[in-house]
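For reference, the structure is listed below as structure tokens.
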Amino acid sequence: MRLGFIGTGNITAAMVEGLGGGVVLSPRGAAMAADLARRFPGVTVAESNQAVVEQCDMVVLAIRPQVAEEVVRGLRFRAGQKVLSLVAATPVEVIRGWIGLDLPVIRAIPLPFVADRRRVTPIIPPDPEVAALFDRLGQAVECRTQEEFDLLAVGSALMGSYFGLLEVAQDWLVERGLPEAAAKDYMAGLFANLGREAEGSGKSFGALRDEYSTHGGLNEQVFRVFGEEGGVAALRGALGQVLERVRG
Ligand SMILES: NC(=O)c1ccc[n+]([C@@H]2O[C@H](COP(=O)([O-])OP(=O)(O)OC[C@H]3O[C@@H](n4cnc5c(N)ncnc54)[C@H](OP(=O)(O)O)[C@@H]3O)[C@@H](O)[C@H]2O)c1
């Protein structure tokens, strides 16, 4: 099965790294495409988006939602092809409408960690070929319902906030005199260890929060003040707004 990508940006690069090559790339994102073609065997850069479609059995849509309609409507697909869409907040029926053919369209949410083949990737609807592809990149999770897929998409939208939280804490520490590098290393190491603890433990997040918050202590105070000053409500509000957007 020949795999081709329309859009050669960050997520395409992560997938190509994880797969170790053997794909056709579209020319846009030229610097990234050239770099991938140089680093991995069997990676070719096609002359156009249409040339990618013509050379491949499975076409991966890895373009931003803002340009997706114009790009996909401009392509001619053929019977027997499969389309794997990574485009956020765009239902399969909408994409099939742009394609204009009754082809199988599967959605997935690969994250940058597929580059190291160490991350689960939600897909919908279930599809053995797409599941096998993401099993090579870590593990595929075949969602039972659209709602489940959309909720995982909302969860994945917290990546920027994770770094944003660290950025705010680092800036605050630096403003009060801690050297920037010391603040960064300390916070990054702290969160990396907490992540490992959360993933490896059978305990709930609530139980871990209790365990890591001495009664009346500093950790308990930070989360209490965070809630009192609207942090928890703001986070829930943001998740709700993103869910609306993800539903398309
Ligand atoms: N990054 C993530 O963690 C992640 C996770 C899951 C899903 N997604 C989804 O995956 C898609 C791609 O995300 P990304 O982070 O990889 O975006 P990105 O880094 O901005 O890459 C988008 C790519 O599309 C190219 N492009 C723009 N117009 C094009 C056209 N007309 N024809 C062909 N290619 C065109 C861009 O080329 P130029 O550089 O030449 O403009 C760029 O290479 C998005 O829909 C996003 O929602 C991303």
request  = Scan the range 214-231 and give yes if some residue there is part of a helix (DSSP H, G or I), closer than 29 Å to Ile109 by Cα and of a type in the set (A, V, I, L, M, F, W, C), otherwise no.
outcome  = no
request  = Starting from the range 157-180, take each residue that is farther than 27 Å from Ala88 by Cα and list its partners that are surrounded by 12 or more Cβ atoms within 10 Å (Cβ to Cβ) and of a type outside the set (Ser, Thr, Tyr), counting only C-beta distances under 6 angstrom and pairs at least six apart or across chains.
outcome  = Ala169/Met187; Gln170/Ala183; Gln170/Lys184; Gln170/Met187; Leu173/Ala183; Val174/Ala183; Glu180/Val174
inquiry  = Tell me yes or no: at least one residue of the range 64-81 is closer than 21 Å to Asp135 by Cα and out of contact with any Asp or Glu (no Cβ under 8 Å at 6 or more places or on another chain).
reply    = no
task = Starting from residues that are within 16 Å of the ligand (Cβ to nearest atom) and exposed (fewer than 15 other Cβ atoms within 10 Å of the Cβ), keep the ones in the range 108-138 and report whichever is nearest to Leu235 (Cα to Cα).
result = Arg118
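Considering each residue of the range 108-133, count those that are in a loop (DSSP other than H, G, I, E, B) and basic (Lys, Arg), and give that number.
Count: 2.
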Filtered residues of the range 143-190 (kept if surrounded by fewer than 16 Cβ atoms within 10 Å (Cβ to Cβ), assigned to a helix (DSSP H, G or I) and basic (Lys, Arg)) = none
request  = Determine if the range 214-227 includes at least one residue that is at pLDDT 95 or above and among the acidic types (Asp, Glu).
outcome  = yes
ask   = With respect to the numbered conditions (1) more than 26 Å from Pro112 (Cα to Cα); (2) assigned to a helix (DSSP H, G or I), which one is the sole condition not fulfilled by Glu197?
value = (1)
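The values are calculated or read from the model by the stated rules, or taken from the named source; none is laboratory data. As the structure is a computational prediction, the values presented were derived from the model and not from experiment. Note: ideal-geometry Cβ built from the backbone for every residue, glycine included; neighbour counts use all protein chains shown.
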